[in-house]
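What follows draws every value from the coordinates through simple rules; no lab data is involved. The model shown is predicted, which means the values in this text are computed figures rather than measured ones. A quick note on method: Cβ atoms are made from the backbone with ideal geometry, for glycine too, and the neighbour counts reach across all protein chains shown.
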Amino acid sequence: MLHVINHPIITMKLNTMRDENTKSKDFRSILNEIASLMTYEIFKDLPLVPTGKKIKTPTGCTVDEMVSKYNIVIVPILRAGIGMSDGVIDMIPTAKIGHIGLYRDEKTLEPVEYYCKLPKVENPLVLVCDPMLATGGSASDAIKLIKAKGYNNIRLLNLVGAPEGIKKVENDHPDVDIYIASVDDKLNDKGYILPGLGDCGDRIFGTL
């Protein structure tokens, strides 16, 4: 299922990221902020259970609650995914972290795996992070790798996506919910999202 998180604050921040004059420092900071904001929507369905601890406030008492049903694992797709995972981890600091390394072959536009390291966690809820959902190849392959490890409760977090990439992930993994801030128009002949925001990895790390 596709979840477009259409919020004016997120849109405003995303528009600043789209601006070609936005420097890497500001680009990274805003991406982190947007990921944190999106976290509220992604995990809003997680149940709270009482911890058994009572909290004494200045005016009374209440029962402490926490999210305990799931072991949460955050998996950024290297390298740009790191820019989004930091914002999620700021909100859920107890989450475990894995990494998947994929790069896109510039001729075939197909993803190539070069690294995969996931924590050993029982029955985790896995959130895959990648700012750009262009052709959908990298996201689909990353999800396939995670499923091969036996993890099947998976959600995908993207900043900007093209209809082509969304369709591929939906077709390949209909059981995976996609959370995205903006669905853009299309891909160009080089596989970049239009209007997009350029190469997210390069803009995050200043490697233009």
Practice prompt. Pull up the DSSP beta bridges for the chain and report the antiparallel fraction as a percent, rounded to 5.
Written response: 40 percent
Discussion item. Considering only C-alpha atoms, what is the centroid distance from segment 130-189 to segment 54-101, in Å?
Written reply: 22 Å
Worksheet, complete the sentence: Rounded to the angstrom and largest first, Cα extents along the principal axes for the chain equal 62, 39, 28
Worksheet item: What's the FRET efficiency of residue 167 with residue 106 using the Cβ-Cβ distance as r and R₀ = 25 Å, to the nearest 0.05?
Response: 0.65
Response to the item:
Ranked output for segments 58-66, 177-185, 22-30, 158-166 by mean other Cβ atoms within 10 Å, highest leading, reads 158-166, 177-185, 22-30, 58-66
Response to the item:
Here FRET efficiency (C-beta to C-beta, residue 192 to residue 40, R₀ 30 Å, nearest 0.05) is 0.55
Discussion item. Taking the Cα centre as origin and putting +1 on Lys and Arg beta-carbons and -1 on Asp and Glu beta-carbons, what dipole magnitude results for the chain, to the nearest 20 debye?
Written reply: 680 debye
Response to the item:
Under the helix-only model (-39500 (n - 2.57) for each DSSP H run of 4 or more, divided by the residues of the chain), the mean residue ellipticity at 222 nm, to 500 deg cm²/dmol, is -10000 deg cm²/dmol
Item to complete: Find how much the distance from residue 1 to residue 61 grows on full extension, using 0.36 nm per residue of separation minus their present alpha carbon separation; answer in nm with one decimal.
Response: 17.6 nm
